[in-house]
Amino acid sequence: MAVLQILEFPDPRLRKVATPVTDFDADLQILIDSMFETMYEAQGIGLAATQINVHKRLLVLDVSENKDSPQVFINPTVEIIQPGLSEYDEGCLSVPGFYETVSRPYMIRVKALDRMGTPFELEADGLLATCIQHEIDHLDGKLFVDYISALKRQRIRTKLEKEHKQSA
Ligand code: QAP
Ligand code: CO
């Protein structure tokens with residue numbers, strides 16, 4: 001297992017569209033474990049493979065209080081099952097230090113494969129539903145800053161680019 005490097009906005013690799021996972025092999029198990037280690041170490045609640053520069057349709061999350069409920073979603077799809085939106089102050093490990101309010105469908109059904117390749121389904125609302133949608137967006141090359149004003153997005157870009165220059 002390893003803590004992996006997380007790409008940060010505006011890295012163009014965050015814009016790649018991920019392709020489906022086809023092999024549920026030992027390498028995949030190691031990747032999943034490393035993604036959890038990376039997410040927990042960074043104090044995140046969700047991490048998509050795109051964020052560690054792996055362009056496969058795979059995400060991990062743990063929205064529990066005690067950080068004891070790891071969940072893996074492979075090749076996930078989402079259906080909206082109730083009209084209505086919920087608002088959350090979203091952050092992102094790829095946009096460190098910035099939070100903005102985003103509206104998303106509040107009740108969803110998710111179909112995905114688990115780490116062995118076995119299909120499962122769940123219904124989600126609240127923070128879990130928001131987090132799943134945020135992470136699936138990553139797999140499609142989208143970021144929460146795409147939902148805020150261009151002015152706010154540009155300010156965030158400028159600040160992060162300055163930080164990246166200073167740490168380089
Ligand atoms: C996505 O985000 C999410 O800026 C997961 O300095 C977040 O885990 C979905 C984090 C909120 C719904 C609501 C962000 C950690 C973690 C930061 C994260 C930071 C340190 C973000
Ligand atoms: Co994110």
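Some points to look at:
- Shape of region 1-57, Cα gyration tensor, a/c cut at 1.5: oblate
- Charges were assigned to the Cβ only: +1 to each Lys and Arg, -1 to each Asp and Glu. The resulting dipole of region 103-142 about its Cα centre is roughly 60 debye.
- Across all Cα pairs in the chain, the calculated P(r) in 5 Å bins from zero up to the longest distance comes to 1, 9, 17, 22, 22, 16, 8, 4, 1, 0 percent per bin.
- If the segment from Leu85 to Ala168 were pulled out straight at 0.36 nm per residue, it would be longer than the present Cα-Cα gap by 25.9 nm.
- With all protein chains kept in place, the per residue accessible area of region 1-45 amounts to 58 square angstrom at a probe of 1.4 angstrom.
- Restraint check, Lys67/Lys111; Lys111/Lys165; Lys67/Lys142, Cα-Cα greater than 29 Å: Lys111/Lys165
- Helix-derived mean residue ellipticity, 222 nm - over the chain, DSSP H n ≥ 4, -39500 (n - 2.57), to 500: -9500 deg cm²/dmol
- Percent accessible area from carbon and sulfur atoms, region 22-168, protein chains only, probe 1.4 Å: 50 percent
- A DSSP coil position with no more than 15 other Cβ atoms inside 10 Å describes the following chymotrypsin sites (Phe, Trp or Tyr not before Pro) in region 67-100: Tyr99.
The values are calculated or read from the model by the stated rules, or taken from the named source; none is laboratory data. Because the structure is a prediction, the values reported are computed rather than measured. Reconstructed Cβ throughout: ideal geometry from the backbone, glycine too, with neighbour counts over all protein chains shown. For accessibility, only protein heavy atoms count, side chains too; no ligands or nucleic acids. Shrake-Rupley method; radii C 1.70, N 1.55, O 1.52, S 1.80 Å.
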